[in-house]
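First comes the structure, then the notes that go with it.
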Amino acid sequence: MPEPVDLSHNVNPHPAEACLAAARYLTEADLYDYAPSFRSGGRSDLGDKLAEDCKVEPEQIVIGYGAEDILKQALAHFVRPGEVVALPSARWRYYREMLDEIRGVAVDYPVVPDGLTYRVDVDALLELASTHRVRLLLLASPGNPTGDLFPMDRLEEVLLAYRDSVVVVDEAYFGCGDMRPDPAVLAALTRLYPNLMIIRTFSKRYALAGWRSGYAVIGAGLADFARVMRRYLGHSYPAERVVLAALRSEAHYERIREGFADARERLYRVLDPYEEATAYRSQGNFVLVRFSEARVPFVRTHVAGAGLKFKWFVGEPAFEHCARITLGTAEQNRRVRVALAEGMTISRFPPTLRKANYLAPYLLPDKA
Ligand SMILES: Cc1ncc(COP(=O)(O)O)c(C=O)c1O
């Protein structure tokens with residue numbers, strides 16, 4: 001039996017060596033004492049570094065235990081029971097669960113497949129601002145599991161339409177896409193739009209999900225939230241040391257990001273020839289694939305037989321017959337492509353091809 005590999009929850013197996021070193025060299029005092037920020041009025045090295053990278057004031061940085069924590073706290077802080085939160089129609093299922101916990105009311109704006117890419121229907125989103133009293137608008141860029149970026153050329157139109165709401169952009173997968181990321185670009189809008197909050201995490205690009213660390217950049221109108229999120233006794237100091245090591249290892253993470261782009265491209269090449277599979281273009285460390293209903297059992301059998309685990313969607317109609325495949329190591333990605341190629345071709349009936357497929361080059365290992 002091949003070694004089992006879990007590619008179902010979008011973690012990244014490539015932390016920088018410097019992060020491991022930072023964890024190994026933690027001292028006794030780092031463990032038993034509170035973080036030094038406890039003695040410096042809440043300011044921390046991590047907050048200062050993030051403010052510098054995002055080119056914002058330190059007061060605009062909120063640190064939390066991952067993007068999930070910040071999202072939950074933001075919903076609890078801003079939304080009263082019965083108030084409306086606008087969510088993407090095709091979305092990470094936990095958004096709805098978080099909202100249900102605080103008895104908020106979800107209103108969907110359409111995010112729908114358009115060929116090989118999911119797209120936000122921005123006109124419908126603008127329309128929603130005039131028909132509903134939206135307390136909080138949640139945008140996901142990239143979306144999970146859809147992998148689409150919010151169309152940034154229309155963001156200001158949306159921010160103007162929602163200037164009386166809190167607008168949260170979940171950028172958990174920031175820095176995993178095709179472009180070199182610049183943390184300051186979107187952050188600059190928080191100066192113009194005081195109701196804007198951008199949430200990022202160290203779980204994805206920086207491969208530190210286990211440390212539970214993330215941050216938000218907030219506009220001045222949300223300063224109350226920053227106060228609520230301040231911890232008198234500081235945040236986790238060990239996490240801060242490791243996360244700072246990650247932020248100082250950008251060259252490593254740029255290599256990993258380029259590897260994601262290469263692995264996504266190879267996955268598309270394997271699946272694109274088949275009419276029975278649609279690999280949606282993604283800017284995350286994962287790819288969503290929709291199979292025909294008839295093809296699903298063959299693919300599932302080959303994937304399971306190869307010891308691989310994908311996320312198959314159950315009870316989420318938007319993602320019927322879909323699998324979300326997290327990118328792994330180069331060797332794991334090669335195993336994924338081989339299992340998919342087998343699942344697509346070996347069956348009781350022959351596959352329908354969109355175009356001739358010359359798969360051989362894509363069944364080789366990823367670029368190192
Ligand atoms: C879209 C999205 N937002 C937020 C998160 C939460 O990330 P974190 O590990 O920082 O809590 C995830 C995790 O998978 C996610 O997919």
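Below is a table of values for the structure above.
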item	result
Out of ARG191, ARG212, ARG230, ARG200, sole residue that is touching a residue at least 60 places away in the same chain (Cβ under 8 Å) and out of contact with any helix residue (DSSP H, G or I) (no Cβ under 9 Å at 6 or more places or on another chain)	ARG230
Among the candidates SER141, SER44, residue that is of a type in the set (Ser, Thr, Tyr), more than 16 Å from the chain's Cα centre (by Cα) and closer than 21 Å to ALA216 by Cα	SER44
Hits in region 281-298 (condition: under 30 Å from TYR206 (Cα atoms) and open to solvent by less than 10 Å² (accessible area, probe 1.4 Å))	SER282, GLY284, ASN285, PHE286, VAL287, LEU288, VAL289
Residue selected from region 134-175 under the condition without any contact (Cβ under 8 Å) to a residue 40 or more places away in the chain and charged (D, E, K, R), by the criterion nearest to SER213 (Cα to Cα)	GLU171
Matching entry among THR301, THR329 (being closer than 17 Å to LEU267 by Cβ and either surrounded by fewer than 16 Cβ atoms within 10 Å (Cβ to Cβ) or modelled with pLDDT under 95 (or both))	THR329
Region 40-74, subset at pLDDT 95 or above and at positive phi, residue least open to solvent (accessible area, probe 1.4 Å)	GLY66
Every residue from region 64-114 that is in contact with a helix residue (DSSP H, G or I) (Cβ under 6 Å, 6 or more places away or on another chain) and among the β-branched types (Val, Ile, Thr)	VAL85, ILE102
Top-ranked residue in region 129-185 [being within 22 Å of LEU99 (Cα to Cα) and β-branched (Val, Ile, Thr); ranked as most open to solvent (accessible area, probe 1.4 Å)]	THR131
Complete set of residues in region 189-230 that are more than 14 Å from the ligand (Cβ to nearest atom) and crowded, with 17+ Cβ neighbours inside 10 Å	LEU189, THR190, TYR193, ASN195, LEU196, VAL217, ILE218, GLY219, LEU222, PHE225, ALA226, MET229
Selection count, region 71-89, where residues are part of a helix (DSSP H, G or I) and more than 16 Å from the ligand (Cβ to nearest atom)	2
Restricting region 90-110 to residues that are closer than 12 Å to ALA140 by Cβ and crowded, with 16+ Cβ neighbours inside 10 Å, the residue that is farthest from the ligand (Cβ to nearest atom)	TYR109
Tally, over region 10-39, of residues that are assigned to a loop (DSSP other than H, G, I, E, B), on the phi < 0 side of the Ramachandran plot and surrounded by 12 or more Cβ atoms within 10 Å (Cβ to Cβ)	10
Region 304-326 - residue that is small (Gly, Ala, Ser) and within 18 Å of ARG290 (Cβ to Cβ) and, of those, least open to solvent (accessible area, probe 1.4 Å)	ALA323
Residues being open to solvent by 40 Å² or more (accessible area, probe 1.4 Å) and touching a residue at least 12 places away in the same chain (Cβ under 8 Å) - total across region 111-123	5
Number of the exception - GLU275 against (1) within 23 Å of LEU50 (Cβ to Cβ); (2) surrounded by fewer than 18 Cβ atoms within 10 Å (Cβ to Cβ)	(1)
Neighbours by Cβ (under 7 Å, 6+ apart or cross-chain): first from region 46-70, part of a loop (DSSP other than H, G, I, E, B); second away from the ligand (no atom under 16 Å from the Cβ)	LYS55/ALA184; LYS55/ALA187; LYS55/ALA188; VAL56/ALA187; VAL56/THR190; GLU57/ALA51
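The values are calculated or read from the model by the stated rules, or taken from the named source; none is laboratory data. Just so we're clear, the structure is a prediction, and the values are computed from it rather than from any experiment. Glycine also receives a Cβ, built like all others from the backbone with ideal geometry; neighbour counts cover every protein chain displayed. To get the accessible areas, we keep the full protein, side chains included, count just its heavy atoms, and leave off ligands, DNA and RNA. Shrake-Rupley method; radii C 1.70, N 1.55, O 1.52, S 1.80 Å.
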